[in-house]
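Scroll down for the structure; my scribbles are underneath it.
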Amino acid sequence: MSGGGKLRILITGASGAIGTTLRDGLAGRYDLRLCDIRPLGERRPGEEHVVADLVDPDAAKAAAQGVDAVVHLAGIPRENSWDKILPNNIAATYNVFEAAHMARAKRIVFASSNHVIGYYRADREVGTDVMPRPDSRYGVSKVFGEALGRLYADKHGLSVICLRIGSFRPAPENVRQLATWISPRDMTELVVRSIEARDVHFAVFYGVSANTRRRWRDDAAQAIGYHPRDDAEIHAARLLGQAEDTASPEQAFHGGDYCELEFSGDPGKIA
């Protein structure tokens, strides 16, 4: 997608943890239009700021005008009640895709989540070719976003890359995150590769560092040139002493503690 001159990139949810990292990491490389429901503080060189609630379709359309690509991070960033998830993660995501289409943007990079496949067994390596198996209302909203991306790619020719982001932290915080961690440096690199990749119609990749214990499989390195540099294993000695109940849903499935929340099912029936 790259060409002459700087690309103008809209980042929604720009005041969140990933958005803040990208604001720093992408500065100077692109002209950034930063959008959030909250003020973003002092404007830096190369930035535009937009305060908008993307549940409002007109606000989404205004935010997307004149951009080359959208990095859509906005929404409720973790499990929550349906009355919060529905407008912020589903209606607003639809509004952003429609706004990008109407503005003739070339690409959307959609922040999906590993929680779209949360109820697969943790001892199974999972690719991007499996059926969704969400572990939460939040995970369901990300399944919706991936399906919406496929619709806009096929129906309207909008290039879409969905990133099933793992555990974004400065450092992993528990044993599960030795497999699922993505560092701020690798997150920035993955987004750059996703923005600049050529000839992508629709793709799904896992947002994860080069972890020794990684258990998700995709072709991001071959397809878009993403080569993560960090490995959670350097934190293993600090974390491996933590006690684990391997029979609990939190430990048994990919989604970790999201699988434990509100759980009243039978783990034995989740093959």
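Brief remarks on what is shown
- For segment 76-111, the set of residues classified as part of a helix (DSSP H, G or I), within 19 Å of residue 15 (Cα to Cα) and of a type in the set (Gly, Ala, Ser) consists of 92 only.
- Residue satisfying all of: in segment 53-75; among the hydrophobic types (A, V, I, L, M, F, W, C), in a loop (DSSP other than H, G, I, E, B) and out of contact with any Asp or Glu (no Cβ under 8 Å at 6 or more places or on another chain); surrounded by the most Cβ atoms within 10 Å (Cβ to Cβ) among these: 54
- Any chance residue 11 is out of contact with any Phe, Trp or Tyr (no Cβ under 7 Å at 6 or more places or on another chain) and touching a residue at least 40 places away in the same chain (Cβ under 8 Å): yes
- The set of residues in segment 83-121 that are basic (Lys, Arg), more than 30 Å from residue 257 (Cβ to Cβ) and either touching a residue at least 12 places away in the same chain (Cβ under 8 Å) or touching a helix residue (DSSP H, G or I) at 6+ places or on another chain (Cβ under 8 Å) (or both) comprises 106, 107.
- Selection of helices (runs of 4 or more DSSP H) fully inside segment 175-271 by the criterion of at least 2 residues being open to solvent by 40 Å² or more (accessible area, probe 1.4 Å), of a type outside the set (D, E, K, R) and at pLDDT 95 or above returns 220-224.
- Of all residue pairs spaced 6 or more apart or on separate chains, those with beta-carbon atoms under 8 Å, a first member in segment 180-196 that is small (Gly, Ala, Ser) and a second member that is assigned to a helix (DSSP H, G or I) and open to solvent by 10 Å² or more (accessible area, probe 1.4 Å) are 194/224.
- Segment 30-52 - residue that is part of a loop (DSSP other than H, G, I, E, B) and basic (Lys, Arg) and, of those, most open to solvent (accessible area, probe 1.4 Å): 43
- Members of segment 4-22 that are closer than 14 Å to residue 46 by Cβ, hydrophobic (A, V, I, L, M, F, W, C) and outside any strand (DSSP E or B): 7, 14, 22
Residues are listed down the side, and each one gets a yes or a no for (1) within 26 Å of residue 52 (Cα to Cα); (2) open to solvent by less than 10 Å² (accessible area, probe 1.4 Å):
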residue	(1), (2)
94	yes, no
100	yes, yes
129	no, no
141	yes, yes
144	yes, no
154	no, no
158	yes, yes
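The values are calculated or read from the model by the stated rules, or taken from the named source; none is laboratory data. Predicted, not measured: the structure shown is a model, and the values here were computed from it. Note that we place each Cβ from the backbone using ideal geometry, even for glycine, and neighbour counts take in every protein chain shown. For the accessible areas, the whole protein counts, side chains as well, though only heavy atoms, and no ligand, DNA or RNA atoms are used. Shrake-Rupley method; radii C 1.70, N 1.55, O 1.52, S 1.80 Å.
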